[in-house]
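Inspection log for the structure reproduced underneath, given as structure tokens.
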Amino acid sequence: MMGGPFSADVPLVGRDDELCRLDAVLTRVLGGDAHVLVVSGQAGVGKTRLAREALTRARSRGFRTLTGLAGPLQRDLSHAPLVEALRPLVRPDPPRSAPVQDLSDLGWLFGDASRPPTPALGDPGLERTRLFEAVCRLLERTVARQPVALLVDDVQWADRGSLALLHHLVRGLAGRRFLLLLTHRPAENEPALTELLTGLQRAGVVTELRLGGLPARDVERLAQALLAGEPPPALTEVLAARAGGVPLFVAALVGFLQDSGTLTRPDGRWVLAAQLPEAVPAVVSGLLRSQVERLPAEARAVLDLLAVCGGQAPHPLLEALTPGDPLMAGLAALRGAGLLAEEVAGGEVRYRVVHPLLAEVAYDLLPLVTRLRRHAEVARAVEARLPGRWGLLAPHVRRAGDELDPRHALDLLLTATDDALSRHAGDEALADARAARDLATRLGRHDLLPGLADRLAEACQRAGQREEAVTAWLDAARWQPAGGERADRLHRAAVLELQAGRGQECLRWLAAAEAELAAVAPSPFHVPVAWSRLQVAARSQGPAEAEAAIADLDRLADRLGSARARAAVLYGRCHTAFTAGRYEEARAHLAALLDTAAELDDPLLGERARRPGFVLELARGDLGAARALSEEGLRLVQRIGVPALELAHRVDLGMADFFAGDWNRALRRCGEVLDLGQRFGLPRGTAVGMALRALVAVRQGRLEEARACAGAARAASDASALPDRHVLGPVEAVTAAVALAEDDPATAAATAARAVRRRTTLPAFTLAVAADAQLVAGNREGAAAAATALDDLGPGAPYPAALAAVVRGRLARDPDRLARAAADLARLGFRYEAAVADVDAAEVADVRADADDRLAAALCTLDELGARPQADRARRLLRRQGRRVPAPPRARGRGPLSRREEDVVRLVARGLSNAEVARRLYLSPRTVTTHLQHVYARLQLGSRAALVRYVLEELPPDAYPGPADT
Ligand SMILES: Nc1ncnc2c1ncn2[C@@H]1O[C@H](COP(=O)(O)OP(=O)(O)O)[C@@H](O)[C@H]1O
Ligand SMILES: [Mg+2]
């Protein structure tokens, strides 16, 4: 009998520094800052032990704790560790109300009968996002009640799906009381895990605890604990020499010496024999091996079986493979040796080898033939006893070699692939489809290969492996006959490339799809391809390309009577009319498009139609209509349940807020947009979010911030190979506005002109900046030309018309004209523009009482907006006219701090360094220091700690959280 080296009774020894850092992390998380604690080190060094200690401490501080374990045979078992960890939230035991309401997408993971009520989207990437988002919501709701610590043990064995989901969770739960604990063996990391860890590290949310061997002093204490008595000095020496401070090996060595009768306690004191047995091997994995070999036969048989099952198995499976009595005896013996853990999960008793290394050693000891046979036996048992458990069955089918009848194995793998696809289990589907393809090739079943190529591609896409999915779709295309079917696969590759921002590749596969289609009669395959062509043209190319695509779709609509093709035509016509400045025509097409989308009851189509709609109404100056369109777009996206698609509509709402002069709300939208962009890896999100932030900053006179945000926006938009009007429009507009604010009218005019040539999505705003720049530069013709261009927009567009009137009024120094334009702008809801036009009117007017009153009112608006530069101008004018001028308000009228100062101290209170604060707020470190000096002086605080206390006790909860909070 072994000495129970894995017994959990031994108290934790040493690790003081690690525990200290762990406590700090718990405090940080309790303060509302999601964090990742990574415990790394070689097998047996004590990662799991430390992580469990962390969970114990977390529980005692009020956390809810969840645990999932990854295993070597589960590498392609989709989401296995997370399913395990989250199950208690979905099916609480004892049953009570679970926070899963409206989260039917969770059914994909937890095999519930409840399938999503929303239709499948036909896009595995989006469906996967939807699933991830449901998990995120689930945790969000849990975290709202109680802080959560989630442990994924041995994450080096987690499937890629789990890794992607973890990444998503950490991003999605930023700023909440969520702790993710990971343990891993760095030596066995796959690139996907390395990528996850570096990604998280870059985001600054990781604390890493690298565990080395225990120091000699702690080894001695561990031996003392294991022996429940004083270890003889000779033993301490042997342990130090042999175990390298690794607790697992210390325990194994102690157990082995006891078992071999070398370490004994004849009269109450432990004694080590002078002669150590030959078998004390230098390499301790050999020790584990000898432990395995010395197990009683029935225990060994069960251990072998568990090893074949990847270290864990449900009871019914073991029962099917080993008859009752020997099984129970074996289990009892393993349990007695401290090698077995039992648990109930999902209503099923499961067994698990306590240390994965032990299962690995046992597996390695099995001869290859035995392994194959065992996998085949397990496969047959699962098939007979646990029908429908394809996820459990398939790995054994894949590993059984020819021990299973290959034809039968192929059948099983095909079904398993489809089952995995239907469960959104991309990694499993991928492994199964690959194995099925190899087997089909070997068996000469060429008839199956085209279908398998499709499944492989689908699986790659579901597993989130975009690049592999492109290659797989191209391969799938080769298996299809020329024409529509082949074009369909090429098109799927093109769409994936477009999402990844790889324009050249996208165009290449799109052209290849079109070439296929050119050779065959029009068919439903033609429609999506032509629509993608139109989208590329509308986003990134010129009117000729768009016209060609529209003509194509028009022909298809006629030939096929396809409503979707007709909708695409309307979309295209709306776009063309808009870019040509024919707004009334564009509106007619838009109305027809919205009708078609409603008739087809297609939310995807409906949301797509609302983008150009918003841009159009904004450009005309109907802020109410524009907002209504983006709100409806957002509602439709939420109905589909794909948050990544919310991005565009949230950007639009932020734009509407910006132009309506609700800048605080616009800034909040920026935060949401930046968050979404980061969470889903969409550079467009960063680009437009930053651009919008820069727009507010420039109008509020925070030039440093405006410049930094505009730079970040440009960098993010440059990162995409295919320029996108919806992104470039705002980015170029703000770049021009910043240049103008910096007294560089030449750059401002040139940038604005470039944007207009590119058919920006913000034509009126951009032309107004151009006109401003020309006026500042003293170029009257240039300004007049901009006014004409503004007038050419529309007709029937009140916003550009009012802006044109402002330019003309300034050129003619005509206060009445300016006042009328200001009134028009005010009626349309453009509060800032209206106020500025009133200031312009006052400037060109000689002293006139009514202009004075309007000037005072404009100053009020500008002060309320925090539009410092224009407010200062209005103040100067009022003073010049001898009026009493109200003092400028503090930017955030509450408490003694300005808005900026408040932003700074809040971040400091979260434990960020000055440099980090500067990075987040787009300030220079010097500026941050200056802000802090002012705050310390004004509040008479003596230390950073006092400042933190002030923030926690005196400041109201954060209404405007910093956007880059991850
Ligand atoms: N600091 C420690 N004090 C006491 N026992 C420990 C300590 N670290 C590890 N152990 C024990 O050593 C064995 C191996 O540790 P484990 O945490 O499973 O290693 P890992 O997860 O790194 O492979 C376990 O039985 C564990 O209880
Ligand atoms: Mg472990």
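For the residues R335, R398, R374, R352, the requirement of being among the basic types (K, R), within 16 Å of ligand 1 (Cβ to nearest atom) and buried (at least 20 other Cβ atoms within 10 Å of the Cβ) singles out R352.
Return yes or no: is S60 at pLDDT 75 or above and not aromatic (F, W, Y)? Write out each step before concluding.
Working: at pLDDT 75 or above: yes; not aromatic (F, W, Y): yes.
Criteria met by S60.
Out of the residues in the range 401-430 that are of a type in the set (A, V, I, L, M) and part of a loop (DSSP other than H, G, I, E, B), state the one that is surrounded by the fewest Cβ atoms within 10 Å (Cβ to Cβ).
First, pick out the residues of the range 401-430 that are of a type in the set (A, V, I, L, M): 404, 409-410, 412-414, 416, 420-421, 425, 429-430.
Next, from what is left, pick out any that are part of a loop (DSSP other than H, G, I, E, B): 404, 425.
Values: L404: 23, A425: 31.
Filtering the range 401-430 for residues that are of a type in the set (A, V, I, L, M) and part of a loop (DSSP other than H, G, I, E, B), the one surrounded by the fewest Cβ atoms within 10 Å (Cβ to Cβ) comes out as L404.
The numbered conditions (1) touching a residue at least 12 places away in the same chain (Cβ under 8 Å); (2) over 15 Å from R650 (Cα atoms) are all true for R610 except (2).
Does at least one position in the range 786-804 carry a residue that is surrounded by fewer than 24 Cβ atoms within 10 Å (Cβ to Cβ), free of Cβ contacts under 8 Å to residues at least 12 places away in the same chain and assigned by TED's automatic domain parsing to the domain that holds L862? No - not one qualifying residue is present in the range 786-804. How many residues does the range 923-950 hold that are free of Cβ contacts under 8 Å to residues at least 24 places away in the same chain and closer than 27 Å to V698 by Cα? Counting residues in the range 923-950 that are free of Cβ contacts under 8 Å to residues at least 24 places away in the same chain and closer than 27 Å to V698 by Cα gives 5. The condition of being under 23 Å from V756 (Cβ atoms) and without any contact (Cβ under 8 Å) to a residue 24 or more places away in the chain holds for only one of R539, R582, that being R582. What about A362, is it modelled with pLDDT under 95 and surrounded by fewer than 20 Cβ atoms within 10 Å (Cβ to Cβ)? When the stated conditions are applied, A362 does not pass them. Of all residue pairs spaced 6 or more apart or on separate chains, none has beta-carbon atoms under 7 Å together with a first member in the range 429-440 that is polar (S, T, N, Q) and a second member that is surrounded by fewer than 22 Cβ atoms within 10 Å (Cβ to Cβ) and assigned to a helix (DSSP H, G or I). Of all the criteria given as (1) within 19 Å of the chain's Cα centre (by Cα); (2) surrounded by fewer than 20 Cβ atoms within 10 Å (Cβ to Cβ), the one not satisfied by A687 is (2).
Could you go through the range 619-637 and let me know if any residue there is surrounded by fewer than 24 Cβ atoms within 10 Å (Cβ to Cβ) and touching a Pro at 6+ places or on another chain (Cβ under 6 Å). Yes, there is a match, as at least one residue in the range 619-637 is surrounded by fewer than 24 Cβ atoms within 10 Å (Cβ to Cβ) and touching a Pro at 6+ places or on another chain (Cβ under 6 Å). Being surrounded by fewer than 24 Cβ atoms within 10 Å (Cβ to Cβ), among the acidic types (D, E) and within 30 Å of R831 (Cβ to Cβ), is that true of even one residue in the range 586-607? Checking the range 586-607: not a single residue is surrounded by fewer than 24 Cβ atoms within 10 Å (Cβ to Cβ), among the acidic types (D, E) and within 30 Å of R831 (Cβ to Cβ). When V536, V527 are screened for being β-branched (V, I, T), in a helix (DSSP H, G or I) and under 21 Å from G483 (Cα atoms), only V527 passes.
Of the residues making up the range 197-232, those that are more than 16 Å from ligand 1 (Cβ to nearest atom), in contact with a strand residue (DSSP E or B) (Cβ under 9 Å, 6 or more places away or on another chain) and either in a helix (DSSP H, G or I) or of a type in the set (F, W, Y) (or both) are L197, L200, Q201. Taking the range 20-67 as the range and being charged (D, E, K, R) and either within 14 Å of ligand 1 (Cβ to nearest atom) or outside any strand (DSSP E or B) (or both) as the test, the residues that pass are R21, D23, R28, D33, K47, R49, R52, E53, R57, R59, R61. In the range 139-177, the qualifying residues are those that are in contact with a Pro (Cβ under 7 Å, 6 or more places away or on another chain) and outside any loop (DSSP other than H, G, I, E, B), and the one that is farthest from ligand 1 (Cβ to nearest atom) is R141. T183 meets all of the listed conditions (1) buried (at least 24 other Cβ atoms within 10 Å of the Cβ); (2) more than 16 Å from ligand 1 (Cβ to nearest atom) but one, namely (2).
Against the numbered list (1) touching a residue at least 40 places away in the same chain (Cβ under 8 Å); (2) of a type in the set (A, V, I, L, M, F, W, C); (3) within 16 Å of ligand 1 (Cβ to nearest atom), A345 comes up short only at (3).
Residue-by-condition table, conditions (1) within 16 Å of ligand 2 (Cβ to nearest atom); (2) at pLDDT below 90:
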{"position": "A8", "(1), (2)": "yes, yes"}
{"position": "V29", "(1), (2)": "no, no"}
{"position": "K47", "(1), (2)": "yes, no"}
{"position": "L73", "(1), (2)": "yes, yes"}
{"position": "P92", "(1), (2)": "no, yes"}
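The values are calculated or read from the model by the stated rules, or taken from the named source; none is laboratory data. Source: prediction; values computed, not measured. Every residue, glycine as well, gets a Cβ built from its backbone with ideal geometry; the counts of neighbours run over all protein chains shown.
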